[in-house]
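Undergrad: First, the structure itself, so that you have it in front of you.
Computed from the coordinates by the stated procedures, all read-outs in this text should not be read as laboratory data. Everything numeric in this text was worked out from a predicted model, so none of it was measured. A quick note on method: Cβ atoms are made from the backbone with ideal geometry, for glycine too, and the neighbour counts reach across all protein chains shown.
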Amino acid sequence: MGAADTSITAMGVVASLLQVAAIVIGGPLLLGLMAKVRARVEGRVGAPIHQPLLDLRKQMRKERIHAEHSSAVLIVVPFVFVSTAAVAGAIAPLVTTRPALATSADILVIVYLLLAGSVALALAGLDAGTAFGGMGSSRAMTIGALAEPALLLAVVAMSIQSGTSNVPAIVADTLNHPGWSASPQRLLSLGALIIVVVAETGRIPVDNPSTHLELTMIHEAMTLEYAGPELGLVSLGESMRLGLLLALTVNLFIPWGVAEQTGGLAIPLGLAVLIAKVAMLGVLISLFEVRSAKLRLFQVPELLAGAFVLAMLAIVAGLVTT
Amino acid sequence: MTIPLFVVGLGIGVAGVLAGAVLPARIRVASIALLVSGACLVELLAAGSVLLSGRSRTFSSTAILPLAGLRLLLDPLGALFVAIVAFVGLAATVYLVRYAFAGLTTRSATACYALFVTSLLAVPAAANTGSFMFSWELMAISSLLLLLVEHRHRQSAREAAQWYGVMTQMGAASILLGLLVLGSHAGGQTFADIKSSAAGLSPTVRSVGFMLVLFGFSSKAGAVPFHVWLPRAHPEAPSPVSALMSGAMVSLGIYGIIRVGGDLLSGGLLWWWVLVIAMGVLSALFGALHATASSDLKRLLAYSTIDNMGLVLIGVGASGALWVTGRRDVAVLAMIAALFILVVHASFKGCLFLAAGAIERSTGTRDLDQLGGLIHRMKGTASVFAIAAFSIIALPPLSGFAGEWLLFQSLLHGFTDRNTTTVIALLAGVVAFALAGGLTAVAFVKAFGIGFIGRARSPGAGAATEVAGSMVAAMVLLAGPCLVLGVVPGLAIPLLAKAANVGLPSATPGPLVRGPNLELAGYYGAIEPALLLVALVVAGCLTWGVLKLVARRATRRAEAWGCGRELQTSRMQYTATSFAEPLQRVFSDVLRPDIDVEVTHVAESRFYEKALAYSNETDDAIERSFYRPVASAFRWWGERARRIQNGSVHRYLAFGFAALVMVLVVLA
C-alpha cells in the first residue's frame, strides 16, 4: 500500500459503518455472552445474551437527571466517550484492512482516541463533586497511566516488525507473513496486550464490573452520577471499547479472515469470522474470570508493570531478530 | 546601510526599556505594553519573512558593543525561535496590561520586563560570542529581577531567586567558557568562524566545547539533573513572566544545543547525542512524575515543562545520533518533531501559565487543594485551560498529538539503524515517551478536574469572578495554535523544515513530511487530524440525535449520590493530593513523599479527636541527594573561611603584609 492511497472510498465508508454497527451491537452482546458463560459455569441459568441491549433500551427511554453542582462536562462526556470509541472502531482494521481513513489509522491515533474517552470519563467522575466520583477517577487514571505505556510498547514491538505503526498495514503484513504470529516478539506482546485490555476494560482481576460496593469499585464509581439515557450511553461506550479492544487484539495476532478487499463476499465473510473470533476470546476471558479473584488495588500496578516488562522484552526480541 | 526589520523590532524593545525607566507611573505600564507588543509584532513579521523566504538577514555594528562588536544574523533556525518568543511575548504583554499589580508597575519592574522580552528576542539572532553572551546575560539578569518582584510578600520568591541566580550564572559561565574554547581554537569569535573551521578542530576540543555549552543550555532548558531552579523559579515569578520563562526562555536552551551542536559543530560525535537523549529520558520521566504529584498549580506546570523539554531533548538527541550514523532522512524527521513540540509547547504552556495567573488573581491561591468549581464562575479561563490541557495530554485532534506522533514516528523508524548504541538510546526514548504520556494525562486531568470542576473547596474559589477581557483574549491568542496546528499540522511543517535544515549541517534530503495532514514520504505512516475531527463531530452529532429521538424530553436536577448520608459538603470531595495519592504510592521510591499526620485530642478523652492535620509533600530527590549536600558543604567551608575574617583592620594589614612577602619570595 502506498501512502498516496486516497483514504476515503465509498466501500471504505460502508465497511467503516459496518464496523461501527458491529461494535455498537456486538459490544453489548459480548458482555451478555460473557455474563452468560459465567452464570453457566457457576451453575445458574443467567440472563439472556441480549440482556445488555434490553437494559440499554430501558435506560434510553428514561428521563435525564443531572446532579446538583454539575457542569456541562457531565452532559458532554457521554457523547465524547461514545464518539471516540466509534471513530476508533471505524478506522481500526476489524472486518477489513481497508476501512475509511485506513491510512491514518495509526496506533497512536487509536490509543489516544481511547485515552480521550478515558480522560473524559475521569472528568465526569469529578464533576458532581462527590467523594466516590473522585475516588473512581483517581483510580481509573492511575491504572490508565500505567496501562497506556504498556499498550503502546506492545504495539511498538509489532510496528518494528512491519516497519510502520499503521494498524491496518500491520494486520495486512501479518496476513502475508503467517509465521510472524508465532514469533517470540508477537507472543510476548500478546501477553502484554491481554493484560492491558483486561485493565482498560475494567474486568477481573483489575476491577469487578458487577460490584456495587463503593470502596472496591473503580469504573462504577466514576459513573455513579449518571442515570437514564446518559448512563445508557456510558455503558454502551464501555461495551464498545471492550468489543473494539478484543477485536483488535485478536486481529493483530490471528488476522485470518480479515477482508483485504472491500468487494463481493469478503466483507460479510470478514464480519462472520470476526464475530466468531471475538466470541471465542470473550468466552476464554470469562472462563478465566470465573476462576480468579479481584486483585487488591495496589497489586494492580505490579500486574501492569509485568505487562510493561513483557512489552519491553517483545521490543528487544524484535530488535534482536530483525 | 539599511537596517533590517528585526533590528528595528529590537530597537522598539529598547525604547520600551527606556520608557519603563523614565515615564511617570500613570502611563508607564500602558506605554511599555504598547512598545513591547509593537516590538513583538515587528519581530513576528521579520521572522515570518525569513522563514517564508528562507533568506537570512544580517546586521553588524561596532558602535554598540565594544571590542567584539554587535553582530546579528537572523537565519531560519533563529527566526523560528524569534517567532516563538515574539508570539508568547505578545500574548504575555497583552495580559500584563490588566494583570500588573503594585509591585509590577514600578520603574525597575517595567523596565526589566521590557528588557527581558527584548533580550529573549535578541538571543536567537546573535551571531558572535560577544553579542550572544551579552543578550543571554541580560535575559538572565532581567528575569532574575522580575522573579524578585514579590519578594517582600513571599520568602519562597527569595529562595527561588537564589537557586535561579546560582544556576543561571553557572550555566552562563559554562557557555561562555565553551564558546571561548571553540572560538580560540577556531581563530575567531563569530559563529561563522567557528562553523567554517569546526571540521578542522580535534574531537577533544569539540567535545570539551560542546560539553561546556551543553551544561549551560540544558540547565536553561530545565533538563534533569540541572533542573532544580525551574520548579522554584517558574511558579514564583509573576504569571506573564512565568509564561515567558516557560514558553520562551526554556526553548532558548534547546536553541543553543541545536545551534552549537548541530549547526556550528556540524553534528559532532555520537556520544554527545546519546547523552542528550539520556538527559531527555530522565527529564521526561522525572518531570511527568513530579507533575502528577504536585498540588500547586504553577509548580505542576513547571514540572510539566521539564517533562516536555525532555521529549524535545529526546527528539534533538535522536536527530543528532541518527545524523551521525547516517540515517539522515529520519534525523530530519526527528528534528522537525522536536521543533514542532517546542512550538506547540510555547503555545499551550504559555496559555496554561496565564490561566494559572488568572486563577491566582481571582481566587487568591494557586493551591489546587483549595480550588474547584471555577468552570461555573470563570467560563473563559476554564475553556482555554481545557483546550491547552487536552493539547498537552496530546488528545487528537489537538496540537500536542501531532507533535507526539512526529516524535513517535522518528523513534520508530530510527530503530532500523544499524548502530546498537543508537538503538538502545532510542529504546529508552520510546519507553520514556510512553510512560510520560500516561503520567501527563493524570497530571492534567487532576489540574482541570480538581481546579475547574466539582465544587469550590475554599471561600476564595467560591467567590471567584472572571478576569478582565484583555487577559482572556491573551489566553485565547495562545490557545489558538493548539487548535489550528492540531487540525492542520501540515501548515507549520515547511517552515520547521527550513529551520531544521540549518540545525542539521550540509545539504539535507527533502522534508520527510508533506501535505496539509501529516504524511511521511518514504515510510508508510500518516495522520489526517482534520478528517478525524470531522468523523468525531459526525459521531457526536449522530449520538446526540439518537438520544433526542428516543429519550424523554424532561431533564431535571437532583441531589448527588451521597451513599446514604444526608449532607454532602465540598470537603468530602477528592482533592489534588488525594487524586494523586495512588500514583504517589506506586512511585514512592522516586517521589519520596513526606507524609505527616498530627492528631489533637479532646482534653477530656484520648479517644476523641479534636483536630487532625495531614500534610503530604513530595521532595525533589535529586535536589535532596545532590544539591543540598553540595550547598551545605559550601556553607561549611564558607563558615570556616569566616574565621580568618573577623573585621579587625590589624589582621587585614597583616594579611596584606604576608601576601606581599609571599609574592616577593616567589619572585626572588
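Undergrad: Once you have the Kirkwood Rh of segment A:25-122 from its Cα pairs, apply Stokes-Einstein at 25 °C and 0.890 mPa s and quote D in µm²/s.
TA: Value of D from the Cα-based Kirkwood radius: 152 µm²/s.
Undergrad: Where does each of B:Val546, A:Val155, B:Val661 land when they are ranked from fewest to most other beta-carbon atoms within 10 angstrom?
TA: With the sparsest Cβ surroundings first, the list reads B:Val661, B:Val546, A:Val155.
Undergrad: Using the Karplus equation 6.51 cos²θ - 1.76 cosθ + 1.60 (θ = phi - 60°), what ³J(HN,Hα) coupling, rounded to whole Hz, does each residue of segment A:240-249 give in order, writing x for Gly and Pro?
TA: Karplus values, whole Hz, x for Gly and Pro: 5, 5, 4, x, 4, 5, 5, 5, 5, 4.
Undergrad: A follow-up question, please. Could you pull out the trypsin sites (Lys or Arg not before Pro) across segment A:227-320 that fall in loop regions by DSSP (anything but H, G, I, E, B) with no more than 10 other Cβ atoms inside 10 Å?
TA: Taking segment A:227-320 and a limit of 10 other Cβ atoms within 10 Å, the loop trypsin sites (Lys or Arg not before Pro) found are A:Arg296.
Undergrad: Let me ask another. Where in segment B:89-131 does the label zone of B:Ala25 land, with the point 7 angstrom along Cα→C-beta and an amide N cut-off under 14 Å?
TA: B:101-110
Undergrad: Going by how many other Cβ atoms sit within 10 Å of their own, how do B:Cys482, B:Cys351, B:Cys563 line up, fewest first?
TA: If I rank by nearby Cβ atoms, fewest first, I get B:Cys563, B:Cys482, B:Cys351.
Undergrad: Sorting check: for B:66-73, B:151-158, which peptide has the highest mean count of neighbouring beta carbons within 10 Å, and how do the rest follow?
TA: Going by the mean number of other Cβ atoms within 10 Å, highest first, we get B:66-73, B:151-158.
Undergrad: While we're on this one: Give me the one-decimal nm value for the distance between modelled label points at A:Glu68 and A:His177, 7 Å along each residue's Cα-to-Cβ direction.
TA: 6.2 nm
Undergrad: While we're on this one: By the gyration tensor of its Cα atoms, with a ≥ b ≥ c the square roots of the eigenvalues, what is the shape of segment B:1-204: rounded for a/c under 1.5, prolate for a/b over b/c, or oblate?
TA: oblate
Undergrad: Something else now. Using just the alpha carbons, could you tell me how many Å³ per residue the convex hull of segment A:165-308 encloses?
TA: 141 Å³
Undergrad: Which of B:Leu371, B:Leu478 comes first, and how do the rest follow, when ranked by fewest Cβ neighbours within 10 Å?
TA: B:Leu371, B:Leu478
Undergrad: For B:Gly267, enumerate residues with amide H under 5 Å from its amide H, sequence gap 5+ or separate chain, H modeled in the peptide plane.
TA: Those lying under 5 Å, H to H, from B:Gly267 are B:Gly262.
Undergrad: Would you mind calculating the relative contact order of chain B from Cα pairs under 8 angstrom and at least 6 residues apart, reporting the percent as a whole number?
TA: 12 percent
Undergrad: Across peptide A:307-314, what mean number of C-beta atoms from other chains lies inside 10 Å of a residue's C-beta?
TA: That average works out to 1.
Undergrad: I'd like the FRET efficiency for A:Val283 and B:Ile424, computed as 1/(1 + (r/R0)^6) with the beta carbon distance as r and R0 of 35 Å, rounded to 0.05.
TA: 0.25
Undergrad: Taking the alpha carbon gyration tensor of segment B:626-667, what are the square roots of 5 times its eigenvalues, largest first, to the nearest whole Å?
TA: Values for segment B:626-667, descending: 30, 15, 4 Å.
Undergrad: Continuing with this model, one more query. Order the peptides A:84-97, B:20-33 from the highest to the lowest mean number of other Cβ atoms within 10 Å of their residues.
TA: Taking the mean over residues of other Cβ atoms within 10 Å, the ranking is A:84-97, B:20-33.
Undergrad: Viscosity 1.002 mPa s, temperature 20 °C: what is the translational diffusion coefficient of chain B from Stokes-Einstein with a Kirkwood Rh over Cα pairs, rounded to a whole number of µm²/s?
TA: Answer from the Stokes-Einstein relation: 81 µm²/s.
Undergrad: Count the DSSP beta bridges whose two residues both fall in the protein assembly as shown, then state the antiparallel fraction as a percent rounded to the nearest 5.
TA: For the protein assembly as shown, the DSSP antiparallel bridge percentage is about 80.
Undergrad: Within 10 Å, at most 13 other Cβ atoms, and a DSSP state outside H, G, I, E, B define an exposed site. Report the longest part of chain B free of exposed chymotrypsin sites (Phe, Trp or Tyr not before Pro).
TA: B:102-606
Undergrad: Further question on the same structure: Please list, ordered by chain and number, the residues whose modelled amide H lies under 5 Å from the amide H of B:Ser60; skip anything fewer than 5 residues away on the same chain.
TA: The list, which skips near neighbours in sequence, is B:Leu72.
Undergrad: Around A:His66, which amide H atoms from residues at least 5 apart in sequence, or from another chain, sit under 5 Å from its own amide H, with H modelled in the peptide plane?
TA: Amide H neighbours of A:His66: B:Arg556, B:Arg557, B:Ala558.
Undergrad: Same structure, new question: Which order do the peptides A:256-262, B:102-108 take when ranked by the mean count of other beta-carbon atoms within 10 Å per residue, highest first?
TA: By packing density, highest mean first, the sequence is A:256-262, B:102-108.
Undergrad: Rounded to the nearest 500, what is the 222 nm mean residue ellipticity of the protein assembly as shown from helices alone, with -39500 (n - 2.57) per DSSP H run of 4+ residues and division by all residues?
TA: -22500 deg cm²/dmol
Undergrad: So what are the three principal axis dimensions of the protein assembly as shown from its Cα atoms, in whole Å, longest to shortest?
TA: Sorted from largest, the Cα extents of the protein assembly as shown read 106, 78, 54 Å.
Undergrad: Further question: Please give the average number of partner chain Cβ atoms lying within 10 Å of the Cβ of each residue in B:568-577, rounded to a whole number.
TA: Average neighbour count from other chains, rounded to a whole number: 4.
Undergrad: With each label point set 7 Å from Cα along the Cα-Cβ vector, what nm distance links B:Val630 and B:Leu45?
TA: Calculated label separation equals 4.6 nm.
Undergrad: Here's a follow-up. Read phi for every residue in segment A:203-208 and hand back ³J(HN,Hα) as whole Hz from Karplus 6.51 cos²θ - 1.76 cosθ + 1.60, θ = phi - 60°, with x for Gly and Pro.
TA: Taking θ as phi minus 60°, the curve returns 9, 4, x, 8, 9, 10 Hz for segment A:203-208.
Undergrad: With the crude spin-label approximation of a point 7 Å out along Cα→Cβ, what separation in nm comes out for B:Gln155 versus B:Val208?
TA: For B:Gln155 paired with B:Val208, the spin-label model returns 4.5 nm.
Undergrad: Using C-alpha positions alone, give me the convex hull volume of segment B:73-145 per residue in cubic angstrom.
TA: Roughly 72 Å³ of hull volume per residue.
Undergrad: P(r) tail for segment A:10-321, what percent of Cα pairs lie past 38 Å?
TA: Value for segment A:10-321 (Cα pairs over 38 Å): 10 percent.
Undergrad: Counting only other chains, and only Cβ atoms inside 10 Å, what mean value do you get across the residues of B:454-466?
TA: 2
Undergrad: Follow-up. Evaluate the relative contact order of segment B:490-623 (contact order divided by residue number), counting alpha-carbon pairs under 8 angstrom at least 6 apart; express in whole percent.
TA: 12 percent
Undergrad: For segment B:1-105, what is one quarter of the convex hull surface built on the Cα atoms, given in nm²?
TA: Mean shadow area of the hull around the Cα atoms is 7.6 nm².
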